[in-house]
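These notes concern the structure reproduced below.
The values are calculated or read from the model by the stated rules, or taken from the named source; none is laboratory data. This is a predicted model, so every value here is computed, not measured. Methodologically, a virtual Cβ is constructed for each residue, glycine included, from the backbone with ideal geometry; neighbour enumeration extends over all protein chains shown. Please note that ligands, DNA and RNA were not included when accessible areas were found on the heavy atoms of the full protein model with its side chains. Shrake-Rupley method; radii C 1.70, N 1.55, O 1.52, S 1.80 Å.
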Amino acid sequence: VVLVGADPASEVYVKSKGKMTKEVGMKSVEHRLADTTSEAELLALIDTLNNDNSIHGILVQLPLPDHLNEDLVISAIDPAKDVDGFHISNVGLLGTGQKSMVPCTPLGCLMMLRDHHGTLSGMDAVVIGRSNIVGKPLANLLMNRRPWSNATVTVCHTRTKNLSEITSQADILVAAMGQPLGITADMVKEGAVVVDVGINRVVDTDRKQGYRLVGDVDFEAVSEKVEAITPVPGGVGPMTIAMLLVNALTAARLTMENEE
């Protein structure tokens with residue numbers, strides 16, 4: 001893991017990732033760099049890690065400080081070691097239905113849906129959110145021609161007209177638009193399965209820290225009419241870290257196969 005600067009949320013994520021990798025017996029190495037680190041210095045470190053045979057996965061924690069070009073940094077990572085699945089080569093492979101490293105959060109969502117349904121073939125799925133990290137890759141995963149997917153996918157966002165009319169037809173609804181409690185009970189089909197990717201801080205003066213975490217879905221109201229729903233926190237978050245470990249294992253296996 002490469003962490004540039006001291007973003008509080010990134011610090012929490014890096015700590016969780018390091019703890020879990022060690023728990024499952026993986027070597028976990030952290031490179032903590034000052035927020036004044038130059039692009040040349042960061043790229044030089046990535047090049048060193050690319051050529052280190054003892055390192056199978058590289059994760060540059062985002063966001064980066066403003067003076068660093070995220071696209072340039074991500075493209076510098078060896079695609080075979082890109083455990084975040086953000087490299088343009090992996091994005092292209094996923095988009096064309098080929099084997100690739102897959103972004104951890106969408107992969108975690110797919111694994112939960114597969115575990116619940118077995119196959120998603122023929123189901124109507126609505127993904128709210130079009131980010132490169134969640135919305136777009138998840139749409140590709142759900143629609144890809146695989147025995148466990150083959151869903152009919154609609155991608156919406158906060159500017160979509162008549163959003164509730166579309167979401168209320170979905171067998172599977174994934175909320176990833178970054179809008180606290182934006183999905184209400186009237187927007188969800190009876191018996192649907194809802195995956196809430198959102199994690200938002202809202203003011204709560206009754207809490208010691210002055211806030212509480214909520215998703216993009218009104219959990220209390222929606223949970224009364226759906227077949228299944230993921231909680232926030234404790235739903236998609238732990239799955240994201242688990243899929244990071246899966247990607248690291250996949251990368252290690254690929255390296256070993258290539259060395260044989």
**Request:** Looking at (1) open to solvent by 40 Å² or more (accessible area, probe 1.4 Å); (2) outside any helix (DSSP H, G or I), find the lone condition where Val246 falls short.
**Result:** (2)
**Item:** Hits in segment 202-239 (condition: closer than 26 Å to Leu107 by Cα, charged (D, E, K, R) and in contact (Cβ under 8 Å) with a residue 24 or more places away in the chain)
**Value:** Asp216, Asp218, Lys225, Glu227
**Item:** Neighbours by Cβ (under 6 Å, 6+ apart or cross-chain): first from segment 140-154, farther than 18 Å from Thr105 by Cα; second of a type in the set (D, E, K, R)
**Value:** Thr152/Asp124
**Fill in**
Within segment 83-96, the residues that are open to solvent by less than 20 Å² (accessible area, probe 1.4 Å) and touching a residue at least 40 places away in the same chain (Cβ under 8 Å) are Val83, Gly85, Leu94
**Request:** Test Arg253 against the stated conditions and say whether it is of a type in the set (Lys, Arg) and in contact with a strand residue (DSSP E or B) (Cβ under 9 Å, 6 or more places away or on another chain).
**Result:** no
**Request:** Please work out which residue is farthest from Leu33 (Cα to Cα), limiting yourself to segment 1-18 and to residues that are of a type in the set (D, E, K, R) and part of a helix (DSSP H, G or I).
**Result:** Lys17
**Message:** I need every pair where a residue in segment 1-14 that is over 15 Å from Glu70 (Cα atoms) and open to solvent by 50 Å² or more (accessible area, probe 1.4 Å) has its Cβ under 9 Å from the Cβ of a residue that is among the hydrophobic types (A, V, I, L, M, F, W, C) and in a helix (DSSP H, G or I), sequence separation at least 6 or different chains.
**Reply:** Tyr13/Ile241
**Request:** Considering only residues that are assigned to a strand (DSSP E or B) and of a type in the set (A, V, I, L, M, F, W, C), look in segment 195-242 and name the one that is nearest to Leu181 (Cα to Cα).
**Result:** Val217
**Request:** Of the numbered conditions (1) within 19 Å of the chain's Cα centre (by Cα); (2) open to solvent by 50 Å² or more (accessible area, probe 1.4 Å); (3) at pLDDT 95 or above, Lys99 fails exactly one; give the number of that condition.
**Result:** (3)
